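Below is one structure, written out as structure tokens; comments come after it.
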Amino acid sequence: MSDGKIGPLLLRQLRKLGLSTEVAPIDTEIWNNFLLKIDKTYREYDESRQSSDNVLAVSLKEMELMQEERARLNADTLKELNANLSLVLQASELGVWDWNLETNNVVYDRRWCEILGFKPEDLIHELTTFQALVNPDDINRVMNQAADYIAGKINKFDVKFQMKHREGHWVQIHAKGKIIKFDPAGKPLRFMGTHSDITEEVRIQKEIEQQKNKLFHQSKLASLGEMSAGIAHEVNNPLAIIAGAAELLNKFKDHPEKFNLKVDSILKSTHRISKILNGLKKFSRSAGSIEMKEFNLSSIIDEAIVLTEIKSSRASTPVSRDCPEHLSLVCDDLSLEQVLINLINNAIDAVKLNEEKWVKLTAHEAEESLILRVFDSGATINQELEEKIFDPFFTTKKVGEGTGLGLSITKGILDEHQATISLNRSFPTTCFEIKFKKAGVKIAT
């Protein structure tokens, strides 16, 4: 040490150890104490570091044990969830498919294969297996929908089609699916879904449609039966006019004015007969598929009134209408005519004992719909009966006077037109109100 002075570095260390002095330590005891203090300090530091390491090791071990426990619990939970899912799928009889979009490998589960009469080992688990079994008339539609869903053009994959059973018959399939895995860039990697066998459901639906068409036709025949009693009388009247006028033609051949009047009378009577017979011929056609086209609503109402005119005349119940001439509706004209005939006939029956008897049809545009109403002069229907009147076979008529199918068929027809029918109680007399969506209403220009 120069000049017996302690260097600044050593001085700072001595001060930290409580041995600070301005004079260089030449005494051995001082240096021994100094070294012991240093040794003790480092030993304490090592013990402290060792203690920290131990704490860290224990903490890491605890974390590892916790992770193992959590993994075990997750595995148990996942196992339980998978077991529950299997039970649900088994109970629902859904077949499951799992499509790898990168390799086009598709895993078909046992139930999926059973629906088509196969075992999993019978099939090659690839997309081509599915494509080969789909009905050729359906394959493009199914694959196009799948492609649009995978590309994000549509929000869901939900499609019905036919697949060939191992024994050769066709199975009706309802397929649903969802993409369950994407790569980091958002590209779909895995597409998974279910198949359900809806063959029986489709068969029942077809039977329901057939029965509905039969009831529709039977209701028409019932209406024709009601009309038939007066048809001969209705046709005979204009025929008598024609015969009488024809006999007088020779008598008035030298009187042009009278002659022309008789000719006009013959033409009007002929037109009257033609109108009745054409309406009956059209109305009696067998029920087929609904054919939606644009028709003039006034014309449909007029035809319905003509076909109920015999009944209304015999019941002394006038039927009138108030409808804009140029109002058109997208509908099936025969079906809508059936609806109006049912409602008019019911209205005539409802007021036959009343002192004041009339039926009126009105139509007008509302903000979001077209409203067609059938009024009669009778009191409004009891609220308890209102809940039942659209039920099949429910009728308030005497036995033998009605089938109870008219309003049920009427409601079914209007359902197909996406229209509603209800009783409007805001009027003092009975009012059946039909609402058609505005989209189906057009004004001819």
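Data for the structure
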item	result
1 or more residues in contact with an Asp or Glu (Cβ under 6 Å, 6 or more places away or on another chain), crowded, with 17+ Cβ neighbours inside 10 Å and in contact (Cβ under 8 Å) with a residue 12 or more places away in the chain: qualifying strands (runs of 3 or more DSSP E) within the range 291-393	293-296, 327-331, 359-365, 369-379
Positions within the range 121-130 being of a type outside the set (A, V, I, L, M, F, W, C) and either within 19 Å of VAL142 (Cβ to Cβ) or modelled with pLDDT under 90 (or both), in sequence order	HIS125, GLU126, THR128, THR129
Scan of the range 110-159 for residues that are part of a loop (DSSP other than H, G, I, E, B), polar (S, T, N, Q) and within 18 Å of SER196 (Cβ to Cβ), ordered by number	ASN135
Selection count where residues are under 21 Å from CYS323 (Cα atoms) and over 29 Å from the mean Cα position of the chain (by Cα), scope the range 365-386	4
Residue list for the range 111-123, filter: surrounded by 14 or more Cβ atoms within 10 Å (Cβ to Cβ) and touching a helix residue (DSSP H, G or I) at 6+ places or on another chain (Cβ under 8 Å)	ARG111, CYS113, LEU116, PRO120, LEU123
In the range 117-148, the residues that are under 22 Å from the mean Cα position of the chain (by Cα) and farther than 21 Å from LEU94 by Cα	ARG141, ASN144, ASP148
Any chance ILE241 is at pLDDT below 90, surrounded by 13 or more Cβ atoms within 10 Å (Cβ to Cβ) and of a type in the set (Val, Ile, Thr)	yes
Some residue of the range 389-396 being within 28 Å of the chain's Cα centre (by Cα) and at pLDDT 90 or above	no
Meets criteria (more than 13 Å from LEU343 (Cβ to Cβ), of a type in the set (Gly, Ala, Ser) and at pLDDT below 85) for GLY402	yes
Residue list for the range 88-109, restricted to those being surrounded by 14 or more Cβ atoms within 10 Å (Cβ to Cβ) and outside any strand (DSSP E or B)	LEU89, LEU94, LEU101, ASP109
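The values are calculated or read from the model by the stated rules, or taken from the named source; none is laboratory data. Here the structure is a predicted model, which means the values were calculated and not measured. As a convention, Cβ positions derive from the backbone with ideal geometry for all residues, glycine included, and neighbour counts pool all protein chains shown.
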